[in-house]
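Engineer: Quick one: structure below, then a few questions.
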Amino acid sequence: MKIIESISLTPQPIRGGYTDQVLRVDLSAPTISTSPLSPEYKNKYTGGRGYALKLIWDETSENTHYDSPENLLIMASGPLGNEPRFPGSGKFIVGTISPLTDTFVDSNVGGYFAPLLKSAGFDALAISGISQKDVVLIIDSEQRQIKIVEAPVFDDLIDSGALSYGEALLKHFNNGKLAENIAAVSTGVGALNTRYGILNSLFYDKRRKRIRSKQAGRGGTGTVMRHKGLRAVIVRSGTNKVSENNPFDENGVKRAGASLKKVVSQVDPKQLRLGDWGTPVLIEYMDKYHILPVNNYQYGQHPDAKAIFAEVFLNRYFSRKLPDGCFKGCNLACAKGAEDVTLKYGPKAGMRVGIDGPEYETAAAVTCMGIFDPQFIMEYNWYCDEYGLDTISMGVTASFLMECFQRGYLSKDDVGYELTWGDVECADRLLHETAFGKGFGKICSQGVRRAKQWIAEQYSRKTGVPQEEVNAELSKFAMETKGLEFSMYISKESLAQQGGYGFALKGPQHDEAWLIFIDQVHNEIPTFKMKAEALKWFPLIRTWFNAVGLCKLPWIDVRHPEAANTDNPAQNRPTLEYYVRYLNATTGSSKTLEDVLHDSERLHLLQKLINLRHGRGTRSDDQIPLRAMGPVFFNEYEARSDYYDKWLTNQLGDQKIPDDPEARHALILKLRQEAYDRLCDEVYEAKGYTKNAIPLLEVVDKFDLLDNQALRLLAVFGVQERQLSN
Ligand code: SF4
């Protein structure tokens, strides 16, 4: 591989989970450099998401867009990644300015990449600039070198269907041999042709004897990578041994990890059974509680859903005897995979492939198109990964287009064919057209928000209906907020989840507040006040997981038996105690859970400031489509009219519900909108924001974030310095 730029590498030792060094690559120049991070940096910004936020805040501006040279693509783990003795510790964050939301987005992903990067001496990798030709970055601690090389071309291999680019590259890099101490991130052609490209984290699974992949799926991180001309990053380093993190208290780490592993192994088989079934186990729950998206979130349940319940994937596809963790030592091991699946659809039909997945989200992205075919779900999963497409944004955009077709906003003339619910051939065609930027796929590739604008323009031009009117109508069922497509939970009957989606800083992705289970399924936060409190507390603890390099599932999906005896069982504090012990044992700190939440609040606020800077931070940006709040069209009300009438009766108390079903439907929507509005007020107050969702000056000051940029920004929104002196 032809070297364009290189420097020598002397790995910094890890101490207490940190190397205190960031690797910087400017692809425009091109240059490679390393820079030390001060102790203040880790004390204030923790790692992972915190580092990505701070770098973006300092080094980009309101004029930075996803394709601006100064946009940064940051990959950062935290101090608690890289530890096989503690479950779920291989995660890292990919953060950048998003092509969908035009503000900060990050995505959490597993695999061996970040632990190997840490072993090579780096807490974070920050890539800026744009290369004129496609390149690969190689971080090689074995050869003591970091280099930018011209990206090799493997078109013949890929065209013949033998390998994806990332796999071909990994083989090429190590003379045909795959090894656990070499990992990569890369993406595919779809990332270049859409706004929702993903980044695949590739690692060698020696028991399956193949490359596996996990995805940084949300917000278009892969799109940014391809626009930078970066085909892949390879890292070769140590082998993620126990003790490599060099914790301050070895025994403390061991004990905390053993405690969590014990709870996982004893409790998961009696609760969700993620270890056996993987996240597809959620399909049955979601269908039962009317939460599974069907036909663009119109319905939450379908009689055919049983065709895709978890046992179908388990019996037909998953390999029971093979390991499923996405990093060493995770005994929850929910990352399922299938071997030797013969593809039936698309350009690679007939090929036998290994498939990593499906996760619940991917399966539900397919039901969102009205399809309940397990084989198509497997293939949709595989093609999206290969193309580098977010399964969620792809599925939600396709579903939105199908509903536009159903309601007459699109015709066969616009699309070239019929977009029909449940039609595998049509969904398959749209998927491949989107990945390659061909035909109507060009519209689908832009995501829901931009597709909506295009349709409104076209429809208005053809019919003479004012564009604003069309836009308003489409907005009722265009499932995006801040520009990001909703993840796969119907929030109509969960006010808490409506807030979880609306207030989520990156847009409606559940990793900030997945409250639907505790709200709608378990009814653990029944009052308005409890919902508002949950909407402050959960985003903070979840932010912490993204800052330290940990997976949330062993905490949130495995309820400690003793949690039932606490004030707030849903917070699962007995398990969180293990996490705090693990943190202190690793870093040498003596923090409490409250300290951890305080640290997270700083990061949450910093993200809020970035959103304000990029025009995505006010109350209007937290608004969600009407469909996320209730049965927006009459057919949705009719499908569950008994339920909705009962709900209305409860709401009205002594008052009689209207006789006319249409009036009942309209009243439900009105009450839902009022409740959401009230929720905004309460949550903003709890967070220390104005009614327009702007943080108060003293709140920003309390977290030591009031630099000149923040002062100027808050002044623009009418939050002035005098507030501080008052
Ligand atoms: S719980 Fe699942 S997603 Fe999380 S680290 Fe373990 S295998 Fe990976």
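Read-outs throughout are calculated quantities, based only on the coordinates presented, and are distinct from any laboratory measurement. Small disclaimer: the values here were computed from a predicted structure and weren't measured. Note that we place each Cβ from the backbone using ideal geometry, even for glycine, and neighbour counts take in every protein chain shown.
Engineer: Determine the sum of side-chain charges near F376: Lys and Arg each +1, Asp and Glu each -1, restricted to other residues whose C-beta is under 11 angstrom from that of F376.
Structural biologist: That works out to -4.
Engineer: Something else about it: With each pseudo-label sitting 7 Å past Cα toward Cβ, what's the E457-S589 distance in nm, one decimal?
Structural biologist: It works out to 4.8 nm between the two label points.
Engineer: Project the alpha carbons of the chain onto their principal axes and report the range along each, largest first, in whole Å.
Structural biologist: Result for the chain: principal-axis Cα extents of 77, 66, 52 Å.
Engineer: What is the order of T96, T31, fewest Cβ neighbours within 10 Å to most?
Structural biologist: T31, T96
Engineer: Write down, largest first, the equivalent ellipsoid semi-axes of the stretch 272-485 in whole Å, where each equals the square root of 5 times an eigenvalue of the alpha-carbon gyration tensor.
Structural biologist: In descending order, the three semi-axes are 33, 18, 14 Å.
Engineer: Here's another thing I want to ask about it. For T34, list long-range residues whose amide hydrogen, built 1.01 Å from N in the peptide plane, is under 5 Å from its own amide hydrogen.
Structural biologist: Under 5 Å from the amide H of T34: R24.
Engineer: Related question: In whole Hz, with x marking every Gly and Pro, tabulate ³J(HN,Hα) for the stretch 585-591 from phi via Karplus 6.51 cos²θ - 1.76 cosθ + 1.60, θ = phi - 60°.
Structural biologist: With the stated coefficients, the stretch 585-591 comes to 5, 6, 8, x, 7, 10, 7 Hz.
Engineer: Quick query: amide H of T420 versus all other amide H atoms, modeled in the peptide plane; which residues come in under 5 Å with a sequence gap of 5 or more or a different chain?
Structural biologist: Residues meeting the amide H criterion: none.
Engineer: If you keep only loop residues by DSSP, which trypsin sites (Lys or Arg not before Pro) in the stretch 174-229 have at most 13 other Cβ atoms within 10 Å of their Cβ?
Structural biologist: Counting only loop positions with at most 13 other Cβ atoms within 10 Å, the trypsin sites (Lys or Arg not before Pro) in the stretch 174-229 are K177, K206, R207, K209.
Engineer: Mind sorting C680, C334 by how few other Cβ atoms lie within 10 Å of their own Cβ, fewest first?
Structural biologist: By the 10 Å Cβ count, ascending, the order reads C680, C334.
Engineer: Projected onto the charge dipole of the chain (+1 at Lys/Arg Cβ, -1 at Asp/Glu Cβ, origin at the Cα centre), which of L697, W454, A258 gives the Cα projection farthest towards the positive end?
Structural biologist: So the residue we want is A258.
Engineer: In addition: Could you run the Karplus curve 6.51 cos²θ - 1.76 cosθ + 1.60 with θ = phi - 60° over the stretch 631-642 and give me ³J(HN,Hα) per residue in whole Hz, x for Gly and Pro?
Structural biologist: So the Karplus estimates, Gly and Pro as x, are x, 5, 10, 4, 4, 6, 5, 4, 5, 9, 4, 4 Hz.
Engineer: Just rank E167, E533, E425, fewest to most, by other beta-carbon atoms within 10 angstrom.
Structural biologist: Lowest to highest Cβ neighbour count: E425, E533, E167.
Engineer: Given a Förster distance of 22 Å, report the FRET efficiency between N175 and S33 from their Cβ-Cβ distance, rounded to the nearest 0.05.
Structural biologist: It comes out at approximately 0.15.
Engineer: Could you calculate the contour length gain from R678 to N331, that is, 0.36 nm times the residue separation minus the distance between their Cα atoms, to one decimal place in nm?
Structural biologist: Length gained, R678 through N331: 120.7 nm.
Engineer: Another question, then. Highest mean first, how do 75-84, 365-374, 534-543 rank when packing is the count of other Cβ atoms within 10 Å averaged over residues?
Structural biologist: Answer by packing, highest mean first, reads 75-84, 365-374, 534-543.
Engineer: On to the next question. If packing is taken as the average count of other Cβ atoms within 10 Å, what order do 412-422, 130-140 fall into, highest mean first?
Structural biologist: 130-140, 412-422
Engineer: Something else: Please give the charge dipole size of the stretch 3-236, origin at the Cα centre, charges +1 on K and R Cβ atoms and -1 on D and E Cβ atoms. Round to the nearest 20 debye.
Structural biologist: 1000
Engineer: Just to be sure I understand: if I project the alpha-carbon convex hull of the stretch 3-236 onto a plane and average over all orientations, what area do I get in nm²?
Structural biologist: With the hull built on Cα positions only, its mean projection is 12.1 nm².
Engineer: May I pose another question? Per-residue counts of other Cβ atoms within 10 Å, averaged by peptide: what ranking do you get for 648-656, 320-328, 607-615, highest first?
Structural biologist: Descending mean neighbour count gives 607-615, 320-328, 648-656.
Engineer: Calculated FRET efficiency, L669 and S61, Cβ-Cβ r, R0 35 Å, to nearest 0.05?
Structural biologist: Efficiency for this residue pair is about 0.30.
Engineer: Between their Cα atoms, which of K147/K262; K529/K702; K118/K506; K214/K687; K2/K344; K288/K552 are more than 31 Å away from each other?
Structural biologist: K147/K262; K214/K687; K2/K344
Engineer: Using a simple charge model, +1 on the beta-carbon of Lys and Arg, -1 on the beta-carbon of Asp and Glu, nothing else, what dipole does the chain show about its Cα centre, in debye to the nearest 20?
Structural biologist: With only Lys, Arg, Asp and Glu charged at Cβ, the dipole is about 1700 debye.
Engineer: If you don't mind, there's one more thing I want to ask. Is it possible to state the helix-based mean residue ellipticity at 222 nm for the chain, with each DSSP H run of 4+ residues giving -39500 (n - 2.57), the sum divided by total residues, to the nearest 500 deg cm²/dmol? What is it?
Structural biologist: -12500 deg cm²/dmol
Engineer: Let me ask something additional. Rounded if a/c is under 1.5, else prolate if a/b is larger than b/c, else oblate: which is the stretch 318-401, with a ≥ b ≥ c the root eigenvalues of its Cα gyration tensor?
Structural biologist: Cα axes put the stretch 318-401 in the oblate bin.
Engineer: Can you give me the distance in nm between label points at H598 and E562, each placed 7 Å from the Cα along the Cα-to-Cβ direction?
Structural biologist: 2.4
Engineer: Shifting gears a bit: Which distance in nm do the two modelled labels at Q467 and E418 give, with both placed 7 Å along the Cα-to-Cβ direction?
Structural biologist: Each label point lies 7 Å from its Cα, and together they span 3.1 nm.
Engineer: R0 = 45 Å: FRET efficiency of F634 with M1, Cβ-based, nearest 0.05?
Structural biologist: In this case the efficiency is close to 0.15.
Engineer: List the aspartates and glutamates whose Cα lies under 12 Å from the Cα of K321, skipping any in the same chain that are fewer than 8 positions away.
Structural biologist: Those aspartates and glutamates meeting the cut-off are D276, E339.
Engineer: How much length, in nm to one decimal, is gained on full extension between Q720 and T527, taken as 0.36 nm per residue of separation minus their Cα-Cα distance?
Structural biologist: 66.0 nm
Engineer: From the phi angles alone, apply the Karplus equation (6.51, -1.76, 1.60; θ = phi - 60°) to the stretch 22-32 and give each ³J(HN,Hα) in whole Hz, x where the residue is Gly or Pro.
Structural biologist: 10, 9, 10, 10, 9, 7, 6, 4, x, 9, 10
Engineer: May I pose another question? Can you list residues from other chains, or at least 5 along the same chain, whose modelled amide H is less than 5 Å from the amide H of I130?
Structural biologist: Hits under the 5 Å cutoff: L27, S28.
Engineer: Could you give the length gained by full extension between M351 and R207, i.e. 0.36 nm per residue of separation minus their alpha carbon distance, to one decimal place?
Structural biologist: 49.6 nm
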